[in-house]
Every structure is written in structure tokens, then in C-alpha cells.
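Step one of this worksheet: look at the structure below.
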Amino acid sequence: MTENSYDVLVVGGGAAGLSAALMLGRARRRVAVVDGGAPRNAPASHMHGFLSRDGLPPSELLKIGREELAGYGVDILEDQVTRLDPGFTAHLASGRELTARRVLVATGVHDDLAAIPGLRESWGTDAVTCPYCHGYEVRDQPLGVLGTEPASVEHALLVRQWSPDVVYFGHTAPPSEEDRERLDARGIRVVDGLVTALRRENGRLTGIELGERFVPRVALFVRTRTVPHDDVLRGLGCAVTDEDVVAVDAMGKTSVPGVWAAGNVVDARATVIIAAAQGAAAAGALNHDLVAEDVRRAVDAFGGFSPAAERAAAGTR
Ligand SMILES: Cc1cc2nc3c(=O)[nH]c(=O)nc-3n(C[C@H](O)[C@H](O)[C@H](O)COP(=O)(O)OP(=O)(O)OC[C@H]3O[C@@H](n4cnc5c(N)ncnc54)[C@H](O)[C@@H]3O)c2cc1C
């Protein structure tokens, strides 16, 4: 193998990609991780819900992961894969080219935020999406849920688990009469009208503006449209689901032989620990595929000197 050729190329070095690379490095595969350095949860100061790592800064988890990988000889390249050719050759933004027998794509998603002043500045601190990740830290406080799609009502009913003081802002998804009854029954107030800004003072969210109206809140929960970073998968011709997400089996195998995918890029709902588990599962399946190929190659190289071939040549069974 040359310096630029690998058994496995892992595209994306978040929780899913690093976890996959750990499995593959420990399986004594020659592995490269190419990472663009922009994980989805980077705006958050703390990561929650990861057993044994609860409350750790997200960047710290990745730093520990990279240190563990170094012990197994995994190459980590801070770069961007711009194109993958079948077979596989990866073209990097730096101009470097890598070849690999298998590819595992763990490139994540980004959250498409509504163009409301103050939302981007609040994102990851006091405007968040996942109550399991951030609800406990704002428990029993005045919370808001932004209506952006019909499912936002369910989001509000979920967030109610963390505080008795929840306001549903109808915004672009005003609730139906039936939904108003459900929200009302759970003590969730509905504020109709378009949200015009998130007001921030001294670096913190203080409330929600609807024109002249102001509703004090310490945190806003928002369902976002997630955009998968799946260009390289689509470029290879991977099949997609009815929801237009790259299709994978339970172990992360795509429709294209030799290509696996894990984490948010194929499952936007996966939290960090789930993305890491998906990466590990895909790595195990991928390694089995490599073992099968190694055996095929070894049998071919054996040149007919197997007991079965010798018996066949002698006319016996
Ligand atoms: C604000 C916020 C807070 C969150 N907080 C929590 C929390 O507390 N707990 C929790 O469990 N979950 C949390 N999440 C969810 C968490 O972000 C995801 O579960 C996790 O990031 C998924 O990991 P991943 O490896 O699939 O993708 P990512 O972590 O997004 O990593 C993908 C990596 O691939 C790289 N990449 C993309 N394209 C390329 C390319 N072409 N070439 C090379 N590299 C590329 C990116 O730069 C990135 O580094 C939060 C999400 C958000 C939005």
C-alpha cells in the first residue's frame, strides 16, 4: 500500500466517524478519517445524555476520540472530501487524493434556521431543538416552542415534560382547534402571530418579540429542517428513501457495494451516543465485508492447491 491508499476511508470525524474509525483501527485496518471540523453540535457549550460523558463540551469528546485513534495508527486529516469516485478515489479540498477499498460516510447534517433576528445568535445556547439534550438545564423555567411545522405542537407537548410554564408561539404553524384543546389541557399557552425577533440582553435570551408584543422566556425550542451533507453519497449513486434520505440497512450499508453511512447524515434524529453506536455497527459490518474479500483473494492466490481441488484432480470425492 502507498501512503495515500487505505483499507477504509471515513468521511467525517464527528461521533459517528470517530467511533467507526476506533473499531476499524482496533481491527488492524489501515484507516484515514477526513474531517471538515464543523460538527452539528459545535454551538453548544455542553453535551448531555452520553453515558459517562454527560456535560462534557462537545469538542472535548472529539479531542479524546482523536487521541484514542492515534494509539491505533489511524490517520486523521483536517480536510474536506469534495468528490468520491467509484472504486474508491477521494478528492480532497487540499488537492490530495486518497484511495480506499471501502468508504464509510459520517458527514452529519446542518440545521436550516428560520431567518428570525436573534435566532442564529441564540442557537445552541438558549435556542435549541432537543429537550432530551438541553431540557433539564432549563427545567421549571419559562420556555417557548416555535411553531414552524405541524409537528411543532407535538414538540410543545414534549417540552411540557420539563416545565409547567410553556408558551407555544403559533408563528408559521398555528395550532388547529383540536391541537389548541390538547395544548390547553396541558396548561400550554398559545400566542398567535409571527415571531419577529428573539430579544437578547447581556448575551442571554430574555424573551420573544412579536412586533410590539414581548413574551419573556429563557429558552426557545425549535424544530429545524435538517440538511444532510450527502453529496458524496448521492454522487456515488446511493439509493434514497421515500423521505429523500440516503437509504441504509440496519448496519449502515447503502445500495452501493463498498459504501456505508452512519450518524446524522442518514438519521437526523440520532443523538451523539446513537450516532457513535451507528458508526461502530457500520464499522463491524464493513470489516466483515473486507474479511470476506481477503478470503476470496487468498483462495484465488492459493492457485488450486486446496484439498478439494486435489481430490477433484484425482477423480475422487
Ligand atoms: C445545538 C445542538 C446541540 C446538540 N446537543 C446535543 C447533546 O447535548 N447531546 C446529544 O446527544 N446530541 C446533541 N445534539 C445532536 C448532535 O449534534 C448529533 O447527534 C451529532 O453531532 C451527530 O454526530 P455525527 O457524527 O453524525 O455528525 P457531526 O457531529 O455533525 O459530524 C460530522 C462531521 O463531518 C464533517 N464533514 C461534513 N462533510 C464533510 C466532507 N465532505 N468531508 C470531510 N468532512 C466532512 C463535518 O465537518 C463534521 O465534523 C445537538 C445538536 C444541536 C444542533
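Please treat every number below as a calculation from the coordinates, not as lab data. In this text the structure is predicted, and so the values were computed from the model without any measurement. Here the Cβ positions follow ideal geometry from the backbone for every residue, glycine too, while neighbour counts run over all protein chains shown.
Numbers for the structure displayed
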| item | result |
| --- | --- |
| Estimated inter-spin distance, Val299 and Thr2, nm [label 7 Å along Cα→Cβ] | 3.1 |
| Cysteines in the chain that, by Cβ-Cβ distance, have no pairing candidate under 4.7 Å | Cys238 |
| Residue-count net charge about Val240 - beta-carbon cut-off 10 Å; Lys, Arg +1, Asp, Glu -1 | -3 |
| Added length on full extension, which subtracts the Cα-Cα distance from 0.36 nm per residue, Arg83 to Ala250 | 57.6 nm |
| Selection from Val215, Pro175, Ala185, by position along the positive dipole direction of the stretch 114-222 (Cβ) | Val215 |
| Pairwise label distance in nanometres, Ser45 with Arg189, each label 7 Å out on the Cα-Cβ vector | 2.7 |
| Phi to ³J(HN,Hα) by Karplus 6.51 cos²θ - 1.76 cosθ + 1.60 over the stretch 287-301, Hz, x for Gly, Pro | 5, 4, 5, 5, 4, 4, 5, 4, 5, 4, 4, 5, 5, 4, 5 |
| Mean-position separation - Cα centroids, the stretch 36-104 and the stretch 199-251, in angstrom | 21 |
| Computed over the chain: relative contact order in percent, which uses C-alpha pairs under 8 Å that are six or more apart | 20 |
